[in-house]
Structures are given as structure tokens and as C-alpha cells.
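Here's the structure we're looking at; comments come further down.
The values are calculated or read from the model by the stated rules, or taken from the named source; none is laboratory data. From a predicted model like this one, the values you see are computed outputs, not experimental measurements. Note: ideal-geometry Cβ built from the backbone for every residue, glycine included; neighbour counts use all protein chains shown.
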Amino acid sequence: MALTSKRRTASVVVVAGTALALALTGCSKSADDNGGSSPTSGAAAGNSAAAQQVQSTGSSGTSCTYSTYGAEKVDLKNVTVGFSQSESTSNPFRATETQSITDEAKRLGIKLIQRNANANVQQQNTDIQDMIAQGAKVLIVAPENSDGLAPAFAQAKAKKIPILTIDRTVNGTACSDFIGFIGSDFAGQAKIAAQDMAKALPDGGNIAILQGTSGNNVAQARTDGFTKEIAASSPNLKVVASQTANFDQATGQKVMEQILQSNPDIKGVYAENDTMALGAIQAIKAAGKTPGKDIQVIGIDGTEDAVKDVAAGVMFSDVETNPRFGPLAFQALTDFYSDKGTPTNVIIADHHFTKDNAQQALDNGDVY
């Protein structure tokens, strides 16, 4: 089997009162002769071989250090770091996210222990507490939701164990209840999706929203950002159905089937992640309609399957959520244990995949 290596580069900006620019090189992919691709153990080179460079271009703003947090100063190479993943790695986003954290820890020679809560917030509390009991002195957490992890976070705080959150925010105070957050501009993603929907349906029409899991900031921001932009700039588009599908493909298909039964004249679907978009596409086809023609579909994540659908005209567009947190997370922890400190809010600049650039992105390995 012939293998080729592809790398993607993502720009990252930090907002915390301090303007910083970071360069992050993403996951290498192996492509087989049939055009398939999957993350490989060699992805460590893609994730972290290119140096992260941090340059201050503005005035000093909010940052967090171990001393202001009230934590003991440690050498990351001499302690155990715990990583709590919120959802199953059958989701390409979670698989790439987990691989990125794992690869960067390995590259840096850091002992890492991991748990996966499989979308159960009670289990995630237990997982975090178990890692603390196992000796983790620092934690990286991808929260299942924004308000359900108070018990585990309180225990970590009582033991002065710092927590860095990635992908989803949690309720509380940065540099007190947790170090800070690294992730995407979720409302900004939704605004782009709404603008794309207006382009996809210039004559207007009824549209549906497949919402993510209730109780986390990602789903709320992606719903609010989309509906506000539609109301402000596209009065000829009408949201006639907005239902939770839990960021899940099978649920997305089932909910879309129900929506189509109640609203057979739907012209567009906005799915708050790609797995729900793929489920919606299955439901649309099962209803005898053609996605990309009868019903326009727009998703968020930038997974390979979805971007392929954009290239093929099955989906209108897809907004990336970059899951390659490894280099940024460990750089943030390194800075946390220095006098410099780390920003409490790091926002990643994501790609926007359309019919014009989707195939090139696939060819370049700019997807996961």
C-alpha cells in the first residue's frame, strides 16, 4: 500500500487582552490508494514537529500563573498529567483531539493518564476524581457540559490541582476554578453558517436546526449565533424547527426524519456538528429528496466525510472546529508554570470549507 504524508497548518489567535499569534501544525494523515485517510501514530510529527511560536503584539492582559492560581510549581516531566475526554472517540473530532493530546505528551516525555466519559457528565466527574486519586497533579479537561462538573472541579481546587479546559467552557472563574479555555469562536462559526444559508437559499424558505447537547456552551452559542444572524440579515429565511440531536449521527437522522414529516417543505438544515449533518443527509435521502438540491445542508466541524460531501455538492458548506489541541494545551501549561503565565482565553481561527475550496483542502490534508 502506498502511503503519503500530508500536513495541515492552522492559524491561532489569543484573546485575553493580550494579542498573541501562534502557529500550530496539525495532524499528519496517511492516505491509501483508494483515497481514504486516518490519523496515524506518525501524526505526532504533524501535531508538534513544527514549533509553536508565541509573540506578544499588544499590551499585557489577563494571564494566569501557578502563583496567582495558588498551585504548587511543578516540572511537567516529573508529574502525571490527566486528560478527561468527554465523548467517544468514534467521533472523528474526539479521536483527533485525543490523539493530539496523547502525541504531544509523548513527544514532550510527559506521563499522561486518560479517561473517556462517553457523554456522561456523572462519569466525567468520577473520571476526574479517579485521576486525582491516581496522582495526577495537572488536568486537561474537555467538558461534557458547562455546569455539571462542579464536584470534580471543587475537589481539584481544594487540592490545588490546576485544570485547563479545552473545546468547551465551564462555569466558574478563570485562574481560580480553572486555568482558562482553549477553543473555537462558537458564535462566530454559527454566524458564518447563517451567512452561508442565506447564500444557499437566496429566495428564502423554511429551515431547521439540529442542536447539540443541552447544557453546554457550544450548542447554546451555535444556536444563538445562527438565529441572531438569520433574524438580522435574512428575514426571508424562517426557522420552523429547532430540536436537540445531541451531537449524534443516529439521533440526528431520527430527529431529521421527524422534522421532515412535520415540515415537508424544509429547504435548509443547519446542523451544529458534522455527525448530525451526516445523519440529516441520510434522513433526507430516505425521504426521497436530494441533499444539495432539494434541501441545503450546512454543518460545523470540518471532518473528512463532511468536507467530501461539500466537495461533491451534497452539503453546501462546513465550518471547521480544529481539534488539534495538544501543542497549544501543553504550551499553555508550560507557560502557566513560568513567570510569564498563560492567557485565560485562547480562540482558534478555523477554516471555512465551501464548494470552491473543499477538494483542495482534502488534497492538502486540511481535514481530519
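For every residue, the table says whether it meets (1) in contact with a strand residue (DSSP E or B) (Cβ under 7 Å, 6 or more places away or on another chain); (2) at pLDDT 95 or above; (3) closer than 27 Å to residue 183 by Cα.
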position	(1), (2), (3)
236	no, yes, no
241	yes, yes, no
244	yes, yes, yes
263	yes, yes, no
282	no, yes, no
286	no, yes, no
289	yes, yes, no
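For region 311-328, name all the residues that are out of contact with any Ser or Thr (no Cβ under 6 Å at 6 or more places or on another chain) and part of a helix (DSSP H, G or I).
Taking region 311-328 as the starting set, the residues that turn out to be out of contact with any Ser or Thr (no Cβ under 6 Å at 6 or more places or on another chain) are 311-316, 318-320, 322, 328.
Once the filter is applied, which keeps residues that are out of contact with any Ser or Thr (no Cβ under 6 Å at 6 or more places or on another chain) and part of a helix (DSSP H, G or I), region 311-328 yields 311, 312, 328.
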TODO: Look through 313, 341 and report the one residue that is touching a residue at least 40 places away in the same chain (Cβ under 8 Å), surrounded by fewer than 19 Cβ atoms within 10 Å (Cβ to Cβ) and on the phi > 0 side of the Ramachandran plot.
DONE: 313
Task: Conditions (1) touching a strand residue (DSSP E or B) at 6+ places or on another chain (Cβ under 9 Å); (2) in the same structural domain as residue 191 (by the TED database); number of the one not met by residue 254 - done: (1)
TODO: Among the candidates 232, 221, 208, 250, single out the residue that is surrounded by fewer than 23 Cβ atoms within 10 Å (Cβ to Cβ) and in contact with a Gly (Cβ under 8 Å, 6 or more places away or on another chain).
DONE: 250
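Filter region 100-114 down to residues that are crowded, with 21+ Cβ neighbours inside 10 Å and farther than 10 Å from residue 81 by Cβ and give me whichever is nearest to the chain's Cα centre (by Cα).
Looking at residues that are crowded, with 21+ Cβ neighbours inside 10 Å and farther than 10 Å from residue 81 by Cβ, I get 100.
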- [ ] Inspect all residues belonging to region 85-106 and state whether any of them is farther than 17 Å from residue 332 by Cα, in a strand (DSSP E or B) and either of a type in the set (S, T, N, Q) or out of contact with any strand residue (DSSP E or B) (no Cβ under 9 Å at 6 or more places or on another chain) (or both).
- [x] yes
TODO: Mind listing whichever residues of region 122-153 are buried (at least 18 other Cβ atoms within 10 Å of the Cβ), acidic (Asp, Glu) and in a helix (DSSP H, G or I)?
DONE: 127
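For residue 302, indicate whether it is touching a His at 6+ places or on another chain (Cβ under 8 Å) and modelled with pLDDT of 95 or more.
Taking the combined requirement at face value, the residue satisfies it.
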Task: Check on residue 359, assigned by the TED database to the domain that holds residue 71, touching a residue at least 40 places away in the same chain (Cβ under 8 Å), in a helix (DSSP H, G or I) and not small (Gly, Ala, Ser) - done: no
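Taking residue 198 as the residue in question, decide whether it is within 22 Å of residue 315 (Cβ to Cβ) and within 21 Å of the chain's Cα centre (by Cα).
Details: within 22 Å of residue 315 (Cβ to Cβ): yes; within 21 Å of the chain's Cα centre (by Cα): no.
In short, no.
Considering only region 154-218, give the strands (runs of 3 or more DSSP E) lying wholly within it that have at least 3 residues that are more than 17 Å from residue 85 (Cα to Cα) and modelled with pLDDT of 95 or more. Steps first, please.
Numbers: elements: 163-166, 181-184, 205-211.
Filter on region 154-218 gives 205-211.
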TODO: Go through (1) in contact (Cβ under 8 Å) with a residue 60 or more places away in the chain; (2) of a type in the set (S, T, N, Q); (3) under 13 Å from residue 189 (Cα atoms) one by one and return the number of the condition residue 275 breaks.
DONE: (3)
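Going through region 155-179 one residue at a time, which ones are of a type outside the set (Val, Ile, Thr) and either free of Cβ contacts under 8 Å to residues at least 12 places away in the same chain or not assigned by the TED database to the domain that holds residue 87 (or both)?
158
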Task: Unique match (being farther than 26 Å from residue 222 by Cα and without any contact (Cβ under 8 Å) to a residue 60 or more places away in the chain) among 287, 283 - done: 287
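Look through 330, 316 and report the one residue that is among the aromatic types (Phe, Trp, Tyr) and not assigned by the TED database to the domain that holds residue 71.
Numbers: 330 fails: not assigned by the TED database to the domain that holds residue 71.
Exactly one of 330, 316 is among the aromatic types (Phe, Trp, Tyr) and not assigned by the TED database to the domain that holds residue 71, namely 316.
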- [ ] Collect the residues in region 329-356 that are of a type in the set (A, V, I, L, M, F, W, C) and either part of a helix (DSSP H, G or I) or farther than 29 Å from residue 297 by Cα (or both), keeping them in residue-number order.
- [x] 329, 330, 332, 333, 336, 346
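Residue under question is residue 300, and the condition is that it be surrounded by 20 or more Cβ atoms within 10 Å (Cβ to Cβ) and within 28 Å of residue 359 (Cα to Cα); does it hold?
Working: surrounded by 20 or more Cβ atoms within 10 Å (Cβ to Cβ): yes; within 28 Å of residue 359 (Cα to Cα): yes.
Yes; evaluated as a whole, the condition is true for this residue.
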